[in-house]
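First the structure, in the form of structure tokens, and then the observations on it.
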Amino acid sequence: MNTNEFMELVEQGKAITGGTEAHTFLVQYSNEAMRITAELNGSYHEPEEVRALFSRLTGKDIDASFFMFPPFYTDFGKNITIGKNIFFNTGCTFQDRGGIVIGDGTQIGQNVVLCTLNHGIAPEKRHITYPSPIVLGKNVWIGANATVLPGVTVGENAIIAAGAVVTKNVPVNCIVAGVPAKVIKRIA
């Protein structure tokens, strides 16, 4: 297996089982993500340096409008795609192997967790991970300490209240809150 084959596997959302060749590649990417995030989180960086480190982490060009307050954590890094005018507050954790797409104008609060993986339910299958992407539309605002689970799409202009756990898709122009999150208000 080479890097292109592994990334194709990831983009197709294929399960990865511990101990396989694909898992070995995953560990290599995870180690790279840990090195880059340790550098990002280890000392102060000017905004341009933060963008450069985030670009190294994702392997993609990052728009000059991106702004983040570290620390930031991820277990993979290469499957995060962000638009323009994006803001991440401190302490965000993105488990991104399943894919995270963040639309223009999105704001993500402190300690937000985006999870794109599930494990097998049966004890003998818990070493198998199943990826499913998270897609955040344009102008989404996620409040502090919220968690978004695998396979969720959040519609444009939606707001996720602080502390919410989002288990299913969020319609456009809505506010969701609670555990599990439910629509509490429509935005005109």
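The values are calculated or read from the model by the stated rules, or taken from the named source; none is laboratory data. Model, not experiment: these values are computed from the prediction. Each accessible area value is taken on the protein alone, full model and side chains, heavy atoms only, with ligands, DNA and RNA left out. Shrake-Rupley method; radii C 1.70, N 1.55, O 1.52, S 1.80 Å.
Quick notes on this one:
- The Cα center of the stretch 1-30 and the Cα center of the stretch 41-63 differ in position by 24 Å.
- Counted over all Cα-Cα pairs of the stretch 106-188, pairs farther apart than 16 Å make up 50 percent.
- Kirkwood Rh in Å, taken over the stretch 27-122 so that all alpha-carbon pairs contribute: 13.4 Å
- Extension gain from residue 87 to residue 185, taking 0.36 nm per residue of separation minus the Cα-Cα distance: 32.9 nm
- Rg in Å to one decimal, and Dmax rounded to a whole Å, for the chain via C-alpha atoms: 16.4, 51
- Global form of the stretch 58-111, assessed from the alpha-carbon gyration tensor, a/c cut-off 1.5: oblate
- Mean Cα-pair separation over length for the chain, i.e. relative contact order, pairs under 8 Å, 6 or more apart, %: 13 percent
- Rolling a 1.4 angstrom probe over the chain with all protein chains present gives an accessible area of which 54% lies on carbon and sulfur atoms.
- Fluctuation leader among 143, 99, 18 - the chain, Gaussian network, Cα springs under 10 angstrom: 18
- Principal semi-axes of the equivalent ellipsoid, √(5λ) from the alpha carbon gyration tensor of the stretch 1-46, are 27, 11, 8 Å from largest down.
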